[in-house]
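Asker: Let me give you the structure first, and then I'll get to my questions.
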Amino acid sequence: MKAWAKESERNRKCIVNGQIGSVLSLSFETFAVVFSTEEMDEQESSNVRALLEQILWALTWVSDSLSPGLKNDASLRCLVSFLNGNDLSVRQNAVLVIKELLVSDQGRDVAESVAEIEGGVEALVRMIKEPVSPKAMKASLTAIIHMINVNDEIRSRIVNLGLVSLLLENILEGERGVSERALRVFDVVCDFEEGREKAYDNALTIPVVVKRILRVSSLASESLVSILWKLCKNAEEDGDKESVLVEALQVGAFQKLLVVLQIGCAEKTKEKVTELLKLFNIHRHRLDCVDSTAEFKYLKKPF
């Protein structure tokens, strides 16, 4: 089947349209149970693992028809085992399938099951720390978003694995698609106090967030404004973190936000920008703001 699929795109479409996804899912489930429960010698174990890897490869391009069988304990343990392996292509295939399971209707159950498997959460974060490819990175970030939204315990475990630093690195240096996905994760992380605390503790957070506004894409800028709004709004409510607002002003947040308004943005983003500008205006006496310099003097304040 693999050889036939590689011959042409037409062959591949025929296989996909033949609803083979359910057959492959059942096959993976069956051999995963064998692999995890039966006593085998080294050669037998190696053969079953190789077969599972072949099935996994095929599952990545029939993701629309994955069956519930892939969500059982044996299958998920096998997928996590592949994530923790050293074969880069197998690791990529594993995270692509896990991502599809997490975005499905039963994604919450899958997330809880993955979190219960030893090394499951760590394996997903490792995919961000040790990137295999942009495709795998995007899948990993999407998986992380769904894991974070499940419960406080899972979220805390993920955040405490150094997630904020990894996200900032990808926001700053990743290709556009990866950067946009990393920003989505960071935006979700900033919804929660523990996530914001990790963001406040990282000296790069405010400089990177402000710097990347208008540098990636309009979608990225919306996420960046949202992140900045959450960090500054909560900092303003906590008097001990007033320095966050001053730091944002020092790295040019006021000017960047004026430009965002000038070129236009979504209504929801515009509301956040306006609120931030009013907030910053209260604290501008703390430093000499440069919004009246030559390169910004043509901009009109929206309030």
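Asker: For segment 1-161, what class follows from the C-alpha gyration tensor (a ≥ b ≥ c being the square roots of its eigenvalues): rounded when a/c is under 1.5, otherwise prolate if a/b is larger than b/c, else oblate?
Answerer: It is prolate, given that a/c is not under 1.5 and a/b is the larger ratio.
Asker: I've got another one for you. Would you please classify the overall shape of segment 51-137 from the alpha carbon gyration tensor, given that a ≥ b ≥ c denote the square roots of the eigenvalues, rounded means a/c under 1.5, and beyond that prolate means a/b larger than b/c while oblate covers the rest?
Answerer: rounded
Asker: Output the peptides 108-120, 150-162, 259-271 sorted from most to least packed, where packing is the average of other Cβ atoms within 10 Å over each peptide's residues.
Answerer: Ranked from most to least packed, the peptides come out as 108-120, 150-162, 259-271.
Asker: Between segment 31-103 and segment 189-224, what is the separation of their alpha carbon centroids in Å?
Answerer: 35
Asker: Sort 174-180, 250-256 by the packing proxy (mean of other Cβ within 10 Å over each peptide's residues), most packed first.
Answerer: Top to bottom by mean Cβ count within 10 Å: 250-256, 174-180.
Asker: For segment 105-240, what class follows from the C-alpha gyration tensor (a ≥ b ≥ c being the square roots of its eigenvalues): rounded when a/c is under 1.5, otherwise prolate if a/b is larger than b/c, else oblate?
Answerer: It is oblate, given that a/c is not under 1.5 and a/b is not larger than b/c.
Asker: Tell me, what HN-Hα J-couplings in whole Hz come from the Karplus equation 6.51 cos²θ - 1.76 cosθ + 1.60 at θ = phi - 60° for each residue of segment 116-124, using x for Gly and Pro?
Answerer: 7, 7, 4, x, x, 5, 4, 5, 5
Asker: Give me a comma-separated list of calculated 3J(HN,Hα) values for segment 269-281, in order, Karplus coefficients 6.51, -1.76, 1.60 applied at θ = phi - 60°, integers in Hz, x for any Gly or Pro.
Answerer: Rounded to whole hertz, the list is 5, 4, 4, 5, 4, 4, 5, 5, 4, 5, 5, 5, 4.
Asker: Next question, about the same structure. Under a point-charge model restricted to the Cβ atoms of Lys and Arg (+1) and Asp and Glu (-1), what is the dipole moment magnitude of segment 1-161 relative to its Cα centre, in debye to the nearest 20?
Answerer: Roughly 880 debye, rounded to the nearest 20.
Asker: Lysine pairs in segment 1-161 with alpha-carbon atoms under 18 Å apart, 8 or more places apart or on different chains: how many are there?
Answerer: Lysine pair count for segment 1-161: 6.
No value in this document is a laboratory result; all are computed from the given coordinates. Since the structure is predicted, the reported quantities are computational estimates derived from the model, not experimental observations. Note: ideal-geometry Cβ built from the backbone for every residue, glycine included; neighbour counts use all protein chains shown.
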